[in-house]
Amino acid sequence: MKKLLVLIINDMVIFPNNEVRIEYDNNYDKQMVDIVDQIDDNLMIIVNPIDDGEVTLTSFPKYGILGRLKLKMNVPNGKTRIVIEGLDRVLLSSIVEDGYYFKAEYQEVVIEESEEAKSYFSILMKSLENYVAKVPYMGNAIMGQLNGIESLSELCDLIVSFLPIQYEAKKRYITTIDPVVRAKYLMEDMNRDLKFVELEQRIENEVEKELDASQKEYFLREKIKLMQQELGEGNNKETDVERIRKKVSKLKCSAKIKEKIKRELDRYDSLNSNSPELGMIREYLDWMINLPWNHYTKDTNDLVKVKSILDSSHYALEEVKDRILEYLAVKQNTNNLRSPILCLVGPPGVGKTSLALSIAKSLNRKAAKISVGGINDEAEIVGHRRTYIGANPGRIIQGIRKAGTTNPVFIIDEIDKMTKDIKGDPASSLLEVLDPEQNNKFSDHYIEEDFDLSQVMFIATANYVEQIPYELRDRLEIITISSYTEYEKLDIAKKHLIPKEMDEHGLTPLQVQFDDDAIMTLIRNYTKEAGVRELERMIATLFRKIVKNILLNQDVMFYHITDSVIEEFLGKKKYYFMENDDVHEIGVVNGMAYTVFGGDILPIEATLFKGKGDLILTGSLGDVMQESCHIALDYIKANGDSFGIDSELFEKNDIHVHVPEGAVNKDGPSAGVTMTTTLISLFKKVAVDKSVAMTGEITLRGRVLGIGGLKEKVIGAHRANIKKVFIPRENEKDLDDIPEEIKKDIQFVMVEQYMDIYQNLFA
Ligand code: ADP
């Protein structure tokens, strides 16, 4: 005998070949559904107890339904939504209480159909056609599902799942096995309903002649109320409908949208409370009445005020701040409301998101924020169609609803991390969202009506500009925010982070003071990042401990944070940048790397030993870097004479090149000159000064090509005490971005040919 868990349902009936969705918020059902979800075929027995008191072993009828859990999802209000498919009627041979749950032993019911049943099949079909033709809210949905139905039992099950009859009456359709008896019940129920409808239509016709439109609406509504009472439906829906109707009348949206909401509301109103569609329509209505269709905030026009808010929240970042002021100025001058689509690009923690939020604040706009990192499905942007189970609007509409206005600042994070697959290309959907030619009519698949996004100020953020999908990049005004130097971080900490965190921890400068050296230690040895997020977190941790100490130990009221007390609070130092010792070694040369943590030096090492001329590569080397190494070696071989290197060295030795961890594979090409110099140092047995670093791609003919991330690399080199840096001539223009305090400590040598480096170091 087969045995399965029992799901008890008290307010709706599931028939074979019928799917329903149910929402739960009680733990008992949730846990039970979790168990079913874990078993192989997700089967369970669904039972409607005989009466609606407390369920005991005697509450169970003789028959139930074998059902399969098709979908389970947690919805935001703490409920669990499940979709169950009814499979078969089953005879419950015994029910046992198994700990917390009921379990049923059961047997599938086999229904043999007689000749009589066959003739009832066609009689019932005719009644159904007649019924559908006369009952307006029945629609043609049911007709569409008739295909493939051959037995009377299936036909009865289908029809009854659509009929607006009460729960109690519906239950008997489960426990009555003989399909002929069920068909008779059905014809009675349909006839009764038809009489109702006819009566309704008659009243309507008469009423129409006498009443004007508003009275008519009132009258009809009253009538629906009466009919619902007659059908035993609760008042909840009715008050709900009233509430929505009131809200709609106040809604600031176009007539077309109002019309649509009203139509859906009428549908909602007319649906039986058992209808599986009810929840879906209610949810849709909820979205429609809560979207800010026409609710604008007024932008601040005071440029000085905007600038002061931006300055007070963020250090430097002049380019972005200027761009915002320009936008406002042009807007005031021309009344052109179209917003630029800014894209802030830079490593993590440099203030992209928080600056965008400050922009919203300074303009007096609301803010919305979504992240599109990792999404691969365009429905995430434009929503699912409503027919899809568990459908929802896309993230754009969700963001707009959260913001609550039609013109928020809308932050789209991680625009460089979307992926493309069979579910579609989210980037192209996003393109529609951002395109000013189209986005005043943005159409979300779920909402179905156009939403005007043209007044939204979109601000995207990304880590790497190269990874932003090309078609999007074209539309964006890219503003690069690069890593901060230590000195910039020190300033940010002093002027922004420390005051902000002090405030948040209820501390005052009378209680805590920082030495600059201590902040520097935090920056150098407790964080490793391009931005200041970790630094902010460290400062917060420190303050937390201080607050605790002040409260526990009332006699120390003032904390002076020096370099030496940091370790006491935060534990041992965590990071050390590449220590650049003063020992000059043969075959070790400093390259320059650019990682998500900012810049650093990257010493490349090489040795040689007796062998057959093989090249061995180890360490953090991507394909590109391996290629660079081969190019370097071949370039040296080809020009051995100019470098004064004996070609025998190449043939009788193996060469081993090692690149320590820390470099990203992307750095590959820019290590070219460093590889070359390391090898020459090795072959010539001449050490290169440790205070020298270099970066640049090398070609087989020895030309030195430009590289990216110069600012970060130079900042990293400066931190490692480098005094002389070789950079490609092509990058000379980038020196403008490098802070003066760094430039004054470093000698820059521009090179076009590798020979320039050789002459400088070895000649
Ligand atoms: P991102 O979006 O670039 O990853 P966030 O905007 O989340 O970075 O910034 C992390 C934290 O660093 C925020 O608390 C922010 O206030 C602070 N921050 C970053 N840059 C600056 C800056 N230039 N001035 C002041 N605070 C900053």
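Looking only at the range 487-513, residues that are hydrophobic (A, V, I, L, M, F, W, C) and within 16 Å of the ligand (Cβ to nearest atom) come to 6 in all. Inspection of the range 296-307 finds a residue satisfying the criterion of being surrounded by 16 or more Cβ atoms within 10 Å (Cβ to Cβ), in contact (Cβ under 8 Å) with a residue 12 or more places away in the chain and within 16 Å of the ligand (Cβ to nearest atom). Among the residues of the range 469-483, those identified as at pLDDT 85 or above and within 15 Å of the ligand (Cβ to nearest atom) are I478, I479, T480, I481. In the set F609, F597, only one residue is at pLDDT 85 or above, open to solvent by 80 Å² or more (accessible area, probe 1.4 Å) and over 17 Å from V673 (Cα atoms); that residue is F609.
Kindly state which helices (runs of 4 or more DSSP H) lie completely within the range 339-436 and contain at least 1 residues that are more than 16 Å from the ligand (Cβ to nearest atom) and more than 15 Å from the chain's Cα centre (by Cα).
Qualifying helices (runs of 4 or more DSSP H): 352-363, 395-403, 426-434.
Scanning the range 446-462 for residues being farther than 20 Å from E380 by Cβ and among the polar types (S, T, N, Q) gives a total of 2.
Consider the range 514-543 and keep the residues that are more than 16 Å from the ligand (Cβ to nearest atom) and assigned to a helix (DSSP H, G or I). The one that is nearest to I715 (Cα to Cα) is R524. Given the criteria surrounded by 11 or more Cβ atoms within 10 Å (Cβ to Cβ), assigned to a loop (DSSP other than H, G, I, E, B) and not hydroxyl-bearing (S, T, Y), does I50 qualify? When the stated conditions are applied, I50 passes them.
Count of the range 509-549 residues, restricted to those that are out of contact with any helix residue (DSSP H, G or I) (no Cβ under 8 Å at 6 or more places or on another chain) and under 23 Å from H314 (Cβ atoms), is 3.
Residues that are over 30 Å from T405 (Cα atoms) and either without any contact (Cβ under 8 Å) to a residue 12 or more places away in the chain or of a type outside the set (D, E) (or both) within the range 471-495 comprise S482, S483, Y484, T485, Y487, K489, L490, I492, A493, K494, K495, listed in sequence order. Summed over the range 315-328, the residues that are more than 16 Å from the ligand (Cβ to nearest atom) and at pLDDT 85 or above give a count of 2. Kindly indicate which of S119, S127, S153 is in a helix (DSSP H, G or I) and surrounded by 19 or more Cβ atoms within 10 Å (Cβ to Cβ). Only one candidate passes the filter, namely S153.
The single residue among T353, T406 that is touching a residue at least 40 places away in the same chain (Cβ under 8 Å), open to solvent by less than 10 Å² (accessible area, probe 1.4 Å) and either in the same structural domain as R21 (by TED's automatic domain parsing) or closer than 23 Å to P436 by Cα (or both) turns out to be T406. For beta carbons closer than 6 Å, sequence separation of 6+ or different chains, a first residue in the range 178-204 that is farther than 15 Å from S122 by Cα and a second that is open to solvent by less than 60 Å² (accessible area, probe 1.4 Å) and part of a helix (DSSP H, G or I), the qualifying pairs are M190/S127; M190/Y131. Search the range 329-338 for residues being more than 30 Å from the chain's Cα centre (by Cα) and assigned to a loop (DSSP other than H, G, I, E, B), and hand back the single one that is nearest to the ligand (Cβ to nearest atom). Taking the candidates together, the pick is N336. On the stretch given as the range 446-463, residues that are more than 13 Å from the ligand (Cβ to nearest atom) and open to solvent by 30 Å² or more (accessible area, probe 1.4 Å) total 4. Taking each residue of the range 641-654 that is closer than 18 Å to T677 by Cα and assigned by TED's automatic domain parsing to the domain that holds L608 and looking for partners that are crowded, with 18+ Cβ neighbours inside 10 Å and hydroxyl-bearing (S, T, Y) with beta-carbon atoms closer than 9 Å, six or more apart or interchain, yields S642/Y758; F643/Y758. Of everything listed in (1) closer than 30 Å to L155 by Cβ; (2) surrounded by fewer than 18 Cβ atoms within 10 Å (Cβ to Cβ), the single unmet condition for F15 is (2). Within the range 80-116, the residues that satisfy the criterion of being open to solvent by 30 Å² or more (accessible area, probe 1.4 Å), modelled with pLDDT of 85 or more and of a type in the set (S, T, Y) are S93, S94, S114.
The helices (runs of 4 or more DSSP H) falling completely within the range 659-763 that include 1 or more residues that are under 26 Å from D634 (Cβ atoms), open to solvent by less than 20 Å² (accessible area, probe 1.4 Å) and in contact (Cβ under 8 Å) with a residue 24 or more places away in the chain map to 672-684, 710-719, 754-761. So, of the residues in the range 474-506 that are surrounded by fewer than 17 Cβ atoms within 10 Å (Cβ to Cβ) and basic (K, R), which turns out to be farthest from N525 (Cα to Cα)? Result: R475.
The values are calculated or read from the model by the stated rules, or taken from the named source; none is laboratory data. Please read all numbers here as calculations on a predicted model, not as lab measurements. Cβ atoms come from the backbone with ideal geometry, glycine included; neighbour counts cover every protein chain shown. Areas reflect the complete protein model, heavy atoms only, side chains present, ligands, DNA and RNA absent. Shrake-Rupley method; radii C 1.70, N 1.55, O 1.52, S 1.80 Å.
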